[in-house]
Amino acid sequence: MKALTFTLRETPPERLDLSPLTPEKLASVDKREIGKIRLGMSKRGLTVSDLFKVSGSDLKTIVFEGGSERFDRVGTGLVDGTIRVVGDVGAQAGRQMRAGLITIEGNAGPHAGSCMRGGRLEIMGNAGDHLGGPLAGELAGMNGGVMIVRGRAGAFAGDRMRRGVAAVLKGCGEYAGGRMIAGTLVVTGGVGRLPGYLMRRGSILLDRAPQELSPSFVECGAPDSSFAAVMDRYLVADGILKRPLLGKAPGKFGGDNAVFGTGEILFRR
Amino acid sequence: MQRLMVNGVAIDDTFAEAFGMRATAIIITGPNRKWARQAAISMTGFATSVIGCGCEAAIDVELPASQTPDGRPGCRVMIFAVSTDELQKQLQNRLGQCVLTSPGSACFADLKGTADLKLGSALRYFGDGWQVSKKFGGRHYWRVPVMDGEFLCEATTGLTKEAVGGGNLLLLAESNAQALAAAEAAVAAIEKVPGAIMPFPGGVVRSGSKVGGKYKGMTASTNDAFAPTLRGVVKSELGPDINAALEIVIDGQTSDAVAAAMKAGLGAVTKLGPAKGASRISAGNYGGKLGKFHYHLKDLLP
């Protein structure tokens, strides 16, 4: 069976809510009705057939041929199957996904992987601010699964993260891992100001020492670490990184002592 | 009793009788081979027999750095007990006293089973609030701060109910030196069999036992039928040429592992021959009524 493919006709003239186009939601829709699903966010209310040429029938594998930074909420709440976007996406890609795989071959907007609970979200390009972070009023951000940004991420990457593994490979902006509750945030390529700001628990793993830390982080030695070895092997084996991140005896800053204080920033020395 | 002869070694037409047990396996690693082995040896010390030790345990196989989860030298350790509760208790105590304490050690699960046994999930409280839980790659670890850094320990390991304890070989020789040589050859061969351990000192037991005894409260007592100094006064199993008998006891992750181990042992002892080693090989059983697993020597000959 060929993947259910939505080929973009032209750049959408309005922001789109693509959350109805997931395997689970489409399973309850008659094939002929798919074209009538409303995606546009303006009063015009563009439908699937206004925007895309639809082909293929395998609901478990959805492909968007062509993307746009107006593609919001791609793969929201995904519980099974795969979604691939050949292009960019807008805000909240993979938000609250629980399982399955989402691959964004271009860039993603803000709140990518927001509050995801499981599965794997892979962004080949850059991601916006608040990677995995909660929306206003929500208590926790990323809550499980694996999120990989092959490019750069904006500010507040891993904001209020609680569980899972998030990796940013070409650096990220300020406040990486800010307000982390737990979980693991991996950043190679450098972090901006104040990583781990107000983190309670959790691990931020870096390929180099952070440039500017909050003064409430304290230096915590660098003994040999089996955890670093196991983590390094996992990151390489899982295809997240090409080479080991931390090395045999990474340095550690403990904090943020302005709050709970049992978080850590581990970095290759 | 009918006997087969293999390379001049007489093989009794009898069988080893073994029992179903609960077992688990873990990998212990260390900064080098010496300290990985030390942690494993400490953990499996005083674990020769469930009769008095609560469990039977030994190193199954040594692992090179390339085959362990953290890329350091390690040992695969197997522990056997008669109940899940006892196995959990022994595992937890031995891990806490012998592995946690050993310099640079780390501990990983190495068995997928029907149920979970606690490893780090029990030991984490040693961290006094500073322990860290980490979940990635489908596995759950605990990191406990200790004086040389951190003790990394997987949260749980698996339990198998398919394990078998009590596979055995009795090696009968004309002299003590020949019996010991035969036993050492068998141990060396069985050590290469994956999933099988020999819990007694160096893999060998010289005080084989029978069930019960004349004194109240003794669940096991000396196997007088195989004691050479009693061969004139009891109903002995020993002929006039036998002056020493040693036993190899084998516990296996599966029945097949026990059979493979016994086969390897038989092969090594018969290859050694009666001039240097054992002149006769037998096996211990209880008439076949107590144990579910029977390993007939004639089926396992090389």
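The values are calculated or read from the model by the stated rules, or taken from the named source; none is laboratory data. Keep in mind the model is a prediction, meaning the values are calculated, not measured. Don't worry about glycine lacking a Cβ; one is built from the backbone with ideal geometry, like all the others, and counts go over all protein chains shown. When the accessible area is computed, the model is the full protein with side chains, heavy atoms only, and any ligands, DNA or RNA have been set aside. Shrake-Rupley method; radii C 1.70, N 1.55, O 1.52, S 1.80 Å.
Quick notes
- Nearest-0.05 FRET efficiency for B:ASP85 and B:LYS216, computed from C-beta distance (R0 41 Å): 0.95
- Percent carbon-and-sulfur accessible area, segment B:220-282, ignoring ligands, DNA and RNA, probe 1.4 Å: 57
- For the listed peptides A:258-266, B:17-25, a ranking on the average number of other beta carbons within 10 Å per residue, highest first, reads B:17-25, A:258-266.
- Here is the interface size for A with B: some 1300 Å² of accessible area buried, both sides summed, with a 1.4 Å probe.
- Annotation for segment B:237-297: trypsin sites (Lys or Arg not before Pro) lying in DSSP loop with at most 13 further Cβ atoms inside 10 Å of their Cβ are B:LYS289, B:LYS292.
- With every protein chain in place, segment B:22-160: carbon and sulfur % of accessible area (1.4 Å): 53
- Cα-based shape type of segment B:175-302, given that a ≥ b ≥ c are square roots of the gyration tensor eigenvalues and the cut on a/c is 1.5: oblate
- Counting only protein chain heavy atoms and rolling a 1.4 Å probe, the accessible areas of A:ASP58, B:ASP128, B:ASP251, B:ASP241 rank, largest first, as B:ASP128, B:ASP241, A:ASP58, B:ASP251.
- Neighbouring Cβ atoms from other chains, within 10 Å of the Cβ of residues in B:130-142, number 5 on average.
- Whole-number percent relative contact order across chain B, with pairs defined as alpha carbons under 8 Å at least 6 apart: 25
- About its Cα centre, the dipole of segment B:22-160 is roughly 220 debye, where the only charges are +1 on Lys and Arg Cβ and -1 on Asp and Glu Cβ.
- For segment B:34-158: rounded, prolate or oblate by the Cα gyration tensor [a/c cutoff 1.5]: rounded
- Rounded to the nearest 10 degrees, the inclination of helix B:176-190 to the longest alpha-carbon principal axis of chain B is 50 degrees.
- Solvent-accessible area per residue for chain B (1.4 angstrom probe, square angstrom): 45
- In terms of accessible area, using a 1.4 Å probe and ignoring ligands and nucleic acids, B:TRP142, B:TRP35 rank largest first as B:TRP35, B:TRP142.
- The charge dipole of the protein assembly as shown, taken about the Cα centre with unit charges on the Cβ atoms of Lys, Arg (+1) and Asp, Glu (-1), comes to about 660 debye, rounded to the nearest 20.
- 10 Å Cβ neighbours from other chains, averaged over peptide B:143-150: 4
- The sum of -39500 (n - 2.57) across all DSSP H runs of n ≥ 4, divided by the residue count of chain A, sets its helix-only mean residue ellipticity at 222 nm to -2000 deg cm²/dmol.
- By accessible area with a 1.4 Å probe, ligands and nucleic acids excluded, highest first: order of A:CYS220, A:CYS172: A:CYS220, A:CYS172
- Note on segment B:128-201 and segment A:32-110: Cα centroid distance 51 Å, given to the nearest whole angstrom.
- Computed E for B:LYS161/B:ASP241 - FRET, C-beta separation, R0 41 angstrom, nearest 0.05: 0.45
- Contact order, relative form, for chain A: 10 percent (alpha carbon pairs under 8 Å, 6 or more residues apart, mean separation divided by residue count).
- At least 40 Å² of accessible area lost relative to the chain alone, listed for segment A:202-229 with a 1.4 Å probe: A:SER226, A:PHE227
- Average accessible area per residue (Å²) across chain A - probe 1.4 Å, nucleic acids and ligands excluded: 41
- Partners of B:LYS298 within straight-line reach, counting aspartates and glutamates whose Cα lies under 19 Å from its Cα and excluding those fewer than 8 residues away in the same chain: B:ASP12, B:ASP13, B:GLU17, B:GLU237, B:GLU247, B:ASP256.
- Total charge dipole magnitude, chain B, about the Cα centre, Cβ charges on Lys, Arg, Asp, Glu only, Debye to nearest 20: 200
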